[in-house]
Amino acid sequence: MKNNVMLILPIVFILDLLIPFTLAPAYKGYNHLTQVMSVLGNSKVPLHSVYNTWLVVFGITLAVTNFKVYAIVSEGSRLIAVILFVILLVYAIGGCILSGLFSVGEGKSLNSLSEKIHGYGSVIGFTCLTFAPLLLGIYTYKRNNIKFSIFSIGCFILALLCFSCFVMGDKPNCKNTFLAFEGLWQRLSLLFMYLPLGCLALFEK
């Protein structure tokens, strides 16, 4: 029987990707293609407290369900389970909780302490989460679930490509190219990072 606690994961992953679309209409001029989601947490944005609160709730939920993920993965590999646990915890704290408590400004400058905490926390959290699909691919291969393994490795490759585009989009010489769609690359990166974890919650018994 599937664990009800694990079923929370795909729900919060979907909400994390959809909530920005529900809040954005209140922020005139916001562009999902070119602006990152964290901009919606800026204090000058209407409903910013809603988005920041969501990030904290999301982070806490991920940190709690992380123990159940560890319990499942450790059945196949204790080492992979430990590494994945650390990765998810770092993302939950740095990419979600700290990002919700310390919002960014309207621009990308890291002048204030709040902006620096948010910026560094997000970068470290996102970078770590990129490797979650790879670990799940190795884990499911060890469990002889070849289809899930191929799916997870595929998501890892796509997540890595999208995350690279997201990072490159901030470079001056990429401003007038397809790489400038930072909002799109961020969302696609998260989608491919979340998919294997969400499927683990749905299909792993």
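Where a number appears in this text, it was derived from the coordinates with a stated rule and is not lab data. Quantities reported herein were computed from a predicted structural model and do not represent experimental measurements. Don't worry about glycine lacking a Cβ; one is built from the backbone with ideal geometry, like all the others, and counts go over all protein chains shown.
Add -39500 (n - 2.57) for each DSSP H run of 4 or more in the chain, then divide by its residues: what number comes out at 222 nm, to the nearest 500 deg cm²/dmol?
-21500 deg cm²/dmol
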Inset, instruction - Mind checking the full-extension length gain between L17 and V64? Use 0.36 nm per residue of separation minus the Cα-Cα distance, one decimal, nm. - result: 15.0 nm
Legend entry - Two-decimal log10 I(q)/I(0) for the range 8-203, as the Debye equation yields it once each C-alpha is a single scatterer, q = 0.08, 0.12 Å⁻¹: -0.26, -0.58
Legend entry - Length gained when the stretch H32-K142 is fully extended (0.36 nm per residue, less Cα-Cα span): 35.7 nm
Inset, instruction - Measure off 7 Å from each Cα along the Cα-to-Cβ vector at V57 and K171, then give the distance between these two points in nanometres to one decimal. - result: 3.9
Inset, instruction - Among the trypsin sites (Lys or Arg not before Pro) in the range 1-108, which ones are in a DSSP loop with at most 15 other Cβ atoms within 10 Å of the Cβ? Mind listing them? - result: K2, K28, K44, K108
Inset, instruction - Place a label point 7 angstrom from the Cα of I8 along the Cα-to-Cβ direction, then list the residues of the range 58-74 whose backbone nitrogen is under 17 Å away. - result: 58-72
